[in-house]
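Down below is the structure, laid out as C-alpha cells.
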Amino acid sequence: METVSTSKAYGGIQGVYRHASTATGTDMMFAVYVPPHAEGARLPVLWFLSGLTCTHANVMDKGEYRRACAELGVILVAPDTSPRGDDVPDDEAYDFGKGAGFYVDATQAPWAANFRMRSYVEDELPALIAAQFPMADMGRQGITGHSMGGHGALTIALRNPDRFRSVSAFAPIVAPLQCTWGEKALGGYLGPDRMAWRSYDACALIADGARVAEILVDQGDADGFLVEQLRPELLAEACEAAGIELTLRMQPGYDHSYNFISTFMGDHVAWHAERLV
C-alpha cells in the first residue's frame with residue numbers, strides 16, 4: 001500500500017492510499033479517515049460507497065463526515081467506484097464503465113477482466129484495511145452509500161448480514177431490475193439472464209430471503225431521479241413484506257447532490273455508531 005497523502009482534521013488523520021488490486025487488475029485508490037484515539041484502541045469501521053461518476057474524493061471533499069467521525073470514534077473508508085486506467089474498457093455514457101462499476105463482478109466481455117467491484121469491496125479491500133490499519137475493528141463494520149453506492153451498500157449488507165452490523169443509504173437505487181440505470185448496467189456487466197441480476201438488487205434479495213435487522217434511508221423529495229430511477233417505495237414494500245424495520249425519511253426540498261448528503265451525514269454516522277458499540 002502506498003500513501004498518496006495525509007492531513008490532520010479534527011484531531012485525526014485523513015489519508016488517501018493506492019495499491020495494486022488483484023480483483024480489478026489495476027491500481028486502486030481509496031480514502032480512510034482515522035479519528036483521534038487512545039493508543040491501542042480499536043475503532044468501528046464505516047464504509048461509504050459513492051455514486052455514478054464519483055471517485056473516493058467526492059465524499060472526502062464534500063461529505064462533511066470528519067467532525068462526526070472524530071466525535072464518535074468511527075473510521076470511515078471510501079473506495080473508488082470502478083477500476084481506472086488506460087487499459088480498462090470504458091463507455092462514453094456516464095452511467096456505464098469507468099465511474100459506474102455498480103459494485104458487481106462482471107461476467108461479460110470486455111468488462112469481466114477488470115470490473116470486479118463486488119470482490120474488491122467485499123473481500124480484497126477489507127483484508128487490506130485489516131492488515132494496514134491495526135486500530136480498525138473489523139468485527140464492528142457498518143456500510144452506507146449514495147445513489148449507485150446506496151445500491152451497493154444495501155446489496156452488500158444483505159448478502160453479508162453477519163459482517164455488517166448496520167446499513168444505511170442516501171437516495172439509493174433500490175431496484176435495479178426496475179429502472180433504466182440498473183437495466184443498462186446489469187445487462188451490460190452480467191448479460192441478459194435477469195436471474196443473474198437478482199443478487200445485485202436490494203428488493204429482489206429481500207424477496208429471495210435476505211435479511212438485515214433494520215435500514216435507514218434518507219431521500220430528498222426534490223431529487224430529479226426519484227420517480228424513474230430510485231423508487232424508494234419499492235424498498236418500503238419489500239421491507240414491510242419481510243418484516244425488516246425501514247426508516248425512510250423523505251426530506252423536503254432536498255435534491256441528489258452532496259449538499260443533501262452533507263446535511264444528513266452526521267445523522268448517519270451517529271446512527272451507525274450506536275449500532276457499532
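The values are calculated or read from the model by the stated rules, or taken from the named source; none is laboratory data. Note that this is a predicted model, so its numbers are computed, not measured. Counting neighbours? That spans all protein chains shown, and the Cβs are built from the backbone with ideal geometry, glycine included. We work out accessible area using only protein heavy atoms, side chains counted, and drop any ligands, DNA or RNA first. Shrake-Rupley method; radii C 1.70, N 1.55, O 1.52, S 1.80 Å.
Looking across VAL45, VAL16, VAL77, VAL32, one residue alone is part of a strand (DSSP E or B), within 16 Å of VAL269 (Cα to Cα) and out of contact with any Gly (no Cβ under 9 Å at 6 or more places or on another chain). It is VAL77.
If the condition is being in contact with a Ser or Thr (Cβ under 8 Å, 6 or more places away or on another chain) and within 21 Å of LEU52 (Cβ to Cβ), then the range 192-204 contributes SER199, TYR200, ASP201, ALA202. Where helices (runs of 4 or more DSSP H) fall entirely within the range 118-192, those with at least 1 residues that are hydroxyl-bearing (Ser, Thr, Tyr) and surrounded by 21 or more Cβ atoms within 10 Å (Cβ to Cβ) are at 148-159, 180-190.
Examine the range 87-105 for a residue that is under 20 Å from SER147 (Cβ atoms), part of a helix (DSSP H, G or I) and open to solvent by 60 Å² or more (accessible area, probe 1.4 Å), and state whether such a residue exists. Within the range 87-105, not a single residue is under 20 Å from SER147 (Cβ atoms), part of a helix (DSSP H, G or I) and open to solvent by 60 Å² or more (accessible area, probe 1.4 Å).
Taking GLY25, is it open to solvent by 10 Å² or more (accessible area, probe 1.4 Å), among the small types (Gly, Ala, Ser), closer than 30 Å to GLY182 by Cα and assigned to a loop (DSSP other than H, G, I, E, B)? So GLY25 passes the test. Kindly check whether there is at least one residue in the range 97-117 that is among the charged types (D, E, K, R), touching a residue at least 60 places away in the same chain (Cβ under 8 Å) and on the phi > 0 side of the Ramachandran plot. Scanning the range 97-117, I find no residue that is among the charged types (D, E, K, R), touching a residue at least 60 places away in the same chain (Cβ under 8 Å) and on the phi > 0 side of the Ramachandran plot, so the answer is no. Within the range 64-74, the set of residues being assigned to a loop (DSSP other than H, G, I, E, B) and of a type outside the set (A, V, I, L, M, F, W, C) comprises GLU64, TYR65, GLY73. Would you call LEU76 surrounded by fewer than 24 Cβ atoms within 10 Å (Cβ to Cβ), among the hydrophobic types (A, V, I, L, M, F, W, C) and touching a strand residue (DSSP E or B) at 6+ places or on another chain (Cβ under 9 Å)? Considered against the rule, which asks whether it is surrounded by fewer than 24 Cβ atoms within 10 Å (Cβ to Cβ), among the hydrophobic types (A, V, I, L, M, F, W, C) and touching a strand residue (DSSP E or B) at 6+ places or on another chain (Cβ under 9 Å), LEU76 comes out as no. Reported count of residues in the range 188-233, each being among the charged types (D, E, K, R), more than 20 Å from the chain's Cα centre (by Cα) and within 28 Å of TRP111 (Cα to Cα), is 4. Scanning the range 111-144 for residues that are of a type in the set (Lys, Arg) and either under 13 Å from the mean Cα position of the chain (by Cα) or closer than 22 Å to HIS272 by Cβ (or both) returns ARG118, ARG140.
Looking at this structure, is GLY63 open to solvent by less than 70 Å² (accessible area, probe 1.4 Å), over 11 Å from the mean Cα position of the chain (by Cα) and within 29 Å of ALA196 (Cβ to Cβ)? No. I need the full set of residues from the range 113-138 which are in contact with a helix residue (DSSP H, G or I) (Cβ under 8 Å, 6 or more places away or on another chain), more than 20 Å from TYR33 (Cβ to Cβ) and of a type outside the set (Lys, Arg), in order please. The answer is PHE115, MET117, GLU122.
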